[in-house]
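Below: one structure, written as structure tokens.
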Amino acid sequence: MSKEKIILGIDPGTTIMGFGLIKVVGKKMEFIQMNELLLSKYKDHYVKLKLIFERTIELIDTYHPDEIAIEAPFFGKNVQSMLKLGRAQGVAMAAGLSREIPITEYLPKKIKMAITGNGNASKEQVAKMLQSMLGLKTLPKNLDATDGLAAAVCHFYNEGRVDIGKSYSGWDAFVKQNEKRVKK
């Protein structure tokens, strides 16, 4: 009998958080859903973080994912943007960790490489490849949803590989792997 599992992929953001879910049965993946949380109408950054946390918990409680794959922030020139993006990612991770769901981070280049074979692929190329792989009839207007779905598919393709990125199985694992950063 094939083991089933659900993977939630998240593309964190403070303007739009994209997410996608796939079901894995044996060595095959099936599309469940993708969508986005639109946050641009909220001016207060803390309200946005609260909404990201709540939506992630809602997705977890609805779909019961076995694992979460999340896109790691890339290093940009704007420090304020990086800080906000890191907070958005942290809040989504905290939601997963609060439900004891293992989380793996993937760099954007690694996700693009897993989906298209090109680490420098455009969002449009990633979306088109996902459409072809999963038989999606239409693509969303904003491609943040496909970015979240791409994180889930990347995780499926990288399963069982040793060097897949940072991975946390719960609060204890997170604290243990990051305690050197906290100690002075």
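The values are calculated or read from the model by the stated rules, or taken from the named source; none is laboratory data. Note that this is a predicted model, so its numbers are computed, not measured. Neighbour counts are summed over all protein chains in view; Cβ atoms, including those assigned to glycine, are modelled from backbone coordinates with ideal geometry. The protein model used for the area step is the full one, side chains on, heavy atoms only, and it has no ligands, DNA or RNA in it. Shrake-Rupley method; radii C 1.70, N 1.55, O 1.52, S 1.80 Å.
Restricting the GluC sites (Glu not before Pro) of the stretch 80-159 to loop positions (DSSP other than H, G, I, E, B) with no more than 12 neighbouring Cβ atoms within 10 Å leaves GLU100. Based on the alpha-carbon gyration tensor of the stretch 17-136 and its eigenvalue square roots a ≥ b ≥ c, which shape applies: rounded if a/c is under 1.5, prolate if not and a/b is larger than b/c, or oblate? In terms of gyration-tensor shape, oblate. Residues whose amide H lies under 5 Å from that of GLN33, counting only those 5 or more places away or on a different chain, are LEU21; hydrogens are built 1.01 Å from N in the peptide plane. The solvent-accessible area of HIS64, taken with every protein chain present and a 1.4 Å probe, is close to 120 Å².
Straight-line cross-link reach from LYS112 at under 18 Å between alpha-carbon atoms covers these aspartates and glutamates, not counting any fewer than eight positions away in the same chain: ASP11, GLU71, GLU124, ASP144, ASP147, GLU159, ASP163. Computed extension gain for LYS137 through ASP66, at 0.36 nm per residue and net of the alpha carbon distance, reaches 22.9 nm. Taking a point 7 angstrom from the Cα of LYS123 along the C-beta vector, which residues in the stretch 3-38 have backbone N less than 20 Å away? The answer is 9-21, 33-38, whose backbone nitrogens lie closer than 20 Å to the label point.
About its Cα centre, the stretch 11-146 has a charge dipole of approximately 480 debye under the convention of +1 per Lys or Arg Cβ and -1 per Asp or Glu Cβ, with nothing else charged.
Between THR116, SER81, ALA150, the Cα set farthest toward the positive side of the dipole of the stretch 66-162 (charges on each charged residue's Cβ, about the Cα centre) is that of SER81.
For the residue pairs LYS3/LYS50; LYS27/LYS141; LYS23/LYS109, the alpha carbons lie more than 26 Å apart in LYS3/LYS50; LYS27/LYS141. Simple spin-label estimate for LYS27 and MET82 gives 4.1 nm between the two label positions (7 Å along the Cα-to-Cβ direction from each Cα). Checking the cross-link pairs LYS41/LYS84; LYS43/LYS84; LYS84/LYS128 against a 21 Å limit on the alpha carbon distance flags LYS84/LYS128 as lying beyond it. Distant-in-sequence amide contacts of ILE6, defined by a placed amide H-H separation under 5 Å and a gap of 5 or more residues or a different chain, comprise VAL24, ASP66, GLU67. Between the beta carbons of ASP44 and TYR157, assuming R0 = 25 Å, the FRET efficiency works out to 0.10 to the nearest 0.05. Highest average first, the peptides 15-25, 138-148 ordered by how many other beta carbon atoms sit within 10 Å of their residues are 15-25, 138-148.
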